[in-house]
Amino acid sequence: MYGTFTQFKIIFQCCLLVILMWENLDKEKKKEFILSLDLVSGNMSDEAKLKLLYTISNHPEAYYEKKYISKKDGTKRKLLVPKSILKSIQRNILNHVFMGLSVSPYATAYVPHKSLKDNACVHVGKKVILKLDIKDFFTHIDFELLYRVLTNSILPPSVKVLLLKFCTYEDYLPQGAPTSPYLSNLAMKNFDSYIGKYCMDRNISYTRYSDDLTFSGDFQVKDLIRKVDAFLDTFGFSLNEEKTRMLRQNHRQIVTGVVVNKKVNAPKALRTRIRQEMYYIKKYGIDDKTKLSILGKINYVLSLNPNQEEFQEYKKYLNREEVSV
């Protein structure tokens with residue numbers, strides 16, 4: 001398995017050699033290269049692995065199931081969940097190939113060792129915060145955009161086409177596939193770099209958490225919105241104007257669920273709810289399921305602000321064995 005940096009280095013060195021001579025390789029050598037990507041897990045013959053890969057790549061839509069989840073506004077979000085065999089291939093593509101490609105430093109979602117706190121902390125104490133949302137984000141990341149994104153990679157063109165067939169549904173990124181989040185970051189890398197440079201030159205802070213764009217500083221809001229909207233349009237995206245928010249310092253400023261007025265902190269409503277729950281826990285006891293739930297909330301609060309003694313004490317209390325009933 002190619003999971004470490006050294007293994008990434010080896011596989012991409014092999015890719016570099018192959019791309020230089022790809023057109024001169026015979027059919028068998030090309031098959032060997034496809035197999036070297038280790039896309040199919042399990043004990044199968046090389047012939048069976050290749051047959052499986054080409055069968056799925058010819059009809060990838062047949063290997064998805066549609067599921068619907070409720071959104072906060074009461075509407076339904078459609079998920080396209082890959083069946084187990086395709087999901088396994090997608091995870092291998094992600095781990096063996098795409099994770100070796102760098103994303104923008106402005107991307108904070110779907111990136112190892114980055115979190116909501118990383119997305120929020122650069123916006124602490126700013127005069128103005130502007131929050132923008134990209135409309136129908138994943139469905140506007142199509143095969144053509146992804147292929148252009150991979151143009152500078154060292155994979156041969158036919159291999160890029162094959163890999164993207166496994167990762168797209170009717171030529172766009174399916175919400176529900178394990179490859180879609182990281183591919184979305186790769187698709188937005190050029191946008192992030194351009195807008196990031198534009199903002200840096202004007203002392204504006206910028207981060208992107210999936211389809212949520214956040215800007216902070218002292219700037220002309222309408223001018224920045226026009227600039228962002230115009231550049232998004234070149235990628236085939238547009239803003240969801242209903243979700244545009246401007247937050248000034250004299251009001252509560254929340255970025256991806258995190259309060260950033262003076263310091264990074266959990267919203268007051270969440271902290272109050274935890275206090276209420278702890279009151280009843282200390283009075284009546286708690287079962288293991290509820291204990292795990294409230295510990296999750298407390299850990300979230302402490303991940304944003306580890307020095308809150310009140311919540312440290314709550315955590316210690318819950319971790320005592322005699323609390324569970």
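Some values worked out for this structure:
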read-out: Test: Tyr314 is open to solvent by 50 Å² or more (accessible area, probe 1.4 Å) and of a type outside the set (A, V, I, L, M, F, W, C); value: no
read-out: Residues of segment 147-156 satisfying the condition of being open to solvent by 10 Å² or more (accessible area, probe 1.4 Å) and either in contact (Cβ under 8 Å) with a residue 12 or more places away in the chain or within 13 Å of His96 (Cβ to Cβ) (or both); value: Tyr147, Val149, Ser153, Ile154
read-out: Check on Pro112, within 18 Å of the chain's Cα centre (by Cα), under 18 Å from Pro181 (Cα atoms) and in contact (Cβ under 8 Å) with a residue 60 or more places away in the chain; value: no
read-out: Pick from segment 87-105, criterion closer than 28 Å to Ser205 by Cβ and open to solvent by 50 Å² or more (accessible area, probe 1.4 Å), ranking: modelled with the highest pLDDT; value: Pro105
read-out: Residue satisfying all of: in segment 46-86; more than 22 Å from Leu163 (Cβ to Cβ) and small (Gly, Ala, Ser); surrounded by the most Cβ atoms within 10 Å (Cβ to Cβ) among these; value: Ser70
read-out: From the options Phe219, Phe231, residue that is surrounded by fewer than 19 Cβ atoms within 10 Å (Cβ to Cβ), in a loop (DSSP other than H, G, I, E, B) and modelled with pLDDT of 95 or more; value: Phe219
read-out: Count - residues of segment 40-72 that are outside any helix (DSSP H, G or I), without any contact (Cβ under 8 Å) to a residue 60 or more places away in the chain and either among the acidic types (Asp, Glu) or within 22 Å of Phe143 (Cα to Cα) (or both); value: 3
read-out: Tally, over segment 266-280, of residues that are under 19 Å from Leu295 (Cβ atoms) and either under 28 Å from the mean Cα position of the chain (by Cα) or surrounded by 18 or more Cβ atoms within 10 Å (Cβ to Cβ) (or both); value: 7
read-out: Filter pass, Thr139 being among the hydroxyl-bearing types (Ser, Thr, Tyr) and crowded, with 17+ Cβ neighbours inside 10 Å; value: no
read-out: Boolean, Leu224 is among the aliphatic types (A, V, I, L, M), farther than 20 Å from Arg148 by Cα and not in a strand (DSSP E or B); value: yes
read-out: Residue within segment 185-208 that is among the aliphatic types (A, V, I, L, M), touching a residue at least 40 places away in the same chain (Cβ under 8 Å), surrounded by 12 or more Cβ atoms within 10 Å (Cβ to Cβ) and not in a helix (DSSP H, G or I) present; value: yes
read-out: Scan of segment 254-302 for residues that are more than 22 Å from Arg320 (Cα to Cα), free of Cβ contacts under 8 Å to residues at least 24 places away in the same chain and part of a helix (DSSP H, G or I), ordered by number; value: Lys268, Ala269, Thr272
read-out: Check on Lys227, of a type in the set (D, E, K, R), more than 29 Å from Leu186 (Cα to Cα) and without any contact (Cβ under 8 Å) to a residue 40 or more places away in the chain; value: no
read-out: Every pair of residues 6+ apart whose Cβ atoms lie under 9 Å, when the first sits in segment 115-127 and is in contact (Cβ under 8 Å) with a residue 24 or more places away in the chain and under 14 Å from Asn203 (Cα atoms) while the second is part of a loop (DSSP other than H, G, I, E, B) and acidic (Asp, Glu); value: Lys126/Asp218; Lys127/Asp218
read-out: Residue match in segment 168-175 (condition: assigned to a helix (DSSP H, G or I) and under 19 Å from Pro82 (Cα atoms)); value: no
read-out: Top-ranked residue of segment 47-104 - restricted to ones that are over 19 Å from Val159 (Cα atoms) and among the aliphatic types (A, V, I, L, M), ranked as nearest to the chain's Cα centre (by Cα); value: Val103
read-out: Selection status of Lys131, open to solvent by 30 Å² or more (accessible area, probe 1.4 Å), within 30 Å of Gln249 (Cβ to Cβ) and part of a helix (DSSP H, G or I); value: no
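The rows are residues; the columns are (1) more than 20 Å from the chain's Cα centre (by Cα); (2) not polar (S, T, N, Q).
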residue: Arg148; (1), (2): no, yes
residue: Gly176; (1), (2): no, yes
residue: Asn185; (1), (2): no, no
residue: Lys197; (1), (2): yes, yes
residue: Asp211; (1), (2): no, yes
residue: Gly217; (1), (2): yes, yes
residue: Ile225; (1), (2): yes, yes
residue: Thr234; (1), (2): yes, no
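The values are calculated or read from the model by the stated rules, or taken from the named source; none is laboratory data. This structure is a prediction, so every number in the text was calculated from the model and none was measured. Cβ sites come from the backbone with ideal geometry, for glycine too, and all protein chains shown count toward neighbours. For the accessible areas, the whole protein counts, side chains as well, though only heavy atoms, and no ligand, DNA or RNA atoms are used. Shrake-Rupley method; radii C 1.70, N 1.55, O 1.52, S 1.80 Å.
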